[in-house]
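K.L.:
First, the structure itself, so that you have it in front of you.
The numbers here are math on the coordinates, done by the rules we state, and not lab data. As the structure is a computational prediction, the values presented were derived from the model and not from experiment. Methodologically, a virtual Cβ is constructed for each residue, glycine included, from the backbone with ideal geometry; neighbour enumeration extends over all protein chains shown.
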Amino acid sequence: MAKEIAFIEAAFLTLIRKQRNVQILDNVIEYGLKTHIVTEFFPYTPFIDLFHTLPLEDVKHYLLELLIGLKSLKEKGIFHRDIKPGNFLYNPQLKKGIIIDFGLAELDPDYYERIKNENRSAMSKPRRKEHDLELDLHQKLAEALHNVGRNKIGT
């Protein structure tokens, strides 16, 4: 079960790899019975340290960054299902935030049908290949989510 849960997290990170304001997957390493997911380093200030000191203008920017990240996920047919301050890292100096932790995420069932029915003949050859890989990963991810179930204990 642990390998499937790691696959699910890595698959979500792969699907969103070119989206804005989301965690960036660097590598997946299997060592013995453990799977390690390596993501890009993102320097952030813990929400508890921001909560009482963030000026109103920065609060607006924090929320804008969060909404951009959620829009990015929606564009890829992903429902995060666990948005909270601990799953949104924010750097007030860079005025940038990223959504992390896709352990409870789900796929929009209509998204796969929409991308499956896209006009492939109008796509360039590299775009067609990327499209087919996304369809394949989406299908494998849906199967893994089904196998693990909605109550992903241990995530």
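K.L.:
With axes computed from alpha carbons, what is the tilt in degrees of helix 56-75 against the longest principal axis of the chain, rounded to the nearest 10 within 0 to 90?
P.N.:
Tilt relative to the chain: about 10 degrees.
K.L.:
Right, something else. Counting only residues 5 or more places away or on other chains, whose amide H sits under 5 Å from the amide H of Gln19 once H atoms are built in the peptide plane?
P.N.:
none
K.L.:
Taking loop as defined by DSSP and a crowding limit of 13 other beta carbons within 10 Å, which chymotrypsin sites (Phe, Trp or Tyr not before Pro) in the range 25-114 fit? Display every interim value, and only then the final one.
P.N.:
Numbers: sites: Tyr31, Phe41, Tyr44, Phe47, Phe51, Tyr62, Phe79, Phe88, Tyr90, Phe102, Tyr111, Tyr112; in loops: Phe41, Tyr44, Phe51, Phe102.
The qualifying sites are Phe41, Phe51.
K.L.:
For Lys3 and Ile68 in the same chain, what is the full-extension length gain: residue separation times 0.36 nm, less their Cα-Cα distance, in nm? Don't jump to the answer; show the numbers that get you there.
P.N.:
Values: separation 65, 0.36 × 65 = 23.40 nm, distance 3.03 nm.
Extra length from Lys3 to Ile68 when fully extended: 20.4 nm.
K.L.:
What three numbers, in Å, describe the spread of the alpha carbons of the chain along their principal axes, ordered from the longest?
P.N.:
50, 42, 25
K.L.:
Which value, in debye to the nearest 20, gives the size of the charge dipole of the chain about its Cα centre, when Lys and Arg are +1 and Asp and Glu are -1 at the Cβ?
P.N.:
On the way: 23 positive and 22 negative charges, 78 e Å.
Taking the Cα centre of the chain as origin, the dipole is about 380 debye.
K.L.:
Right, next: Karplus couplings for the range 89-95 from phi (6.51 cos²θ - 1.76 cosθ + 1.60, θ = phi - 60°), rounded to Hz, Gly and Pro as x?
P.N.:
So the J values, rounded to whole Hz, are 8, 10, 10, x, 6, 7, 6.
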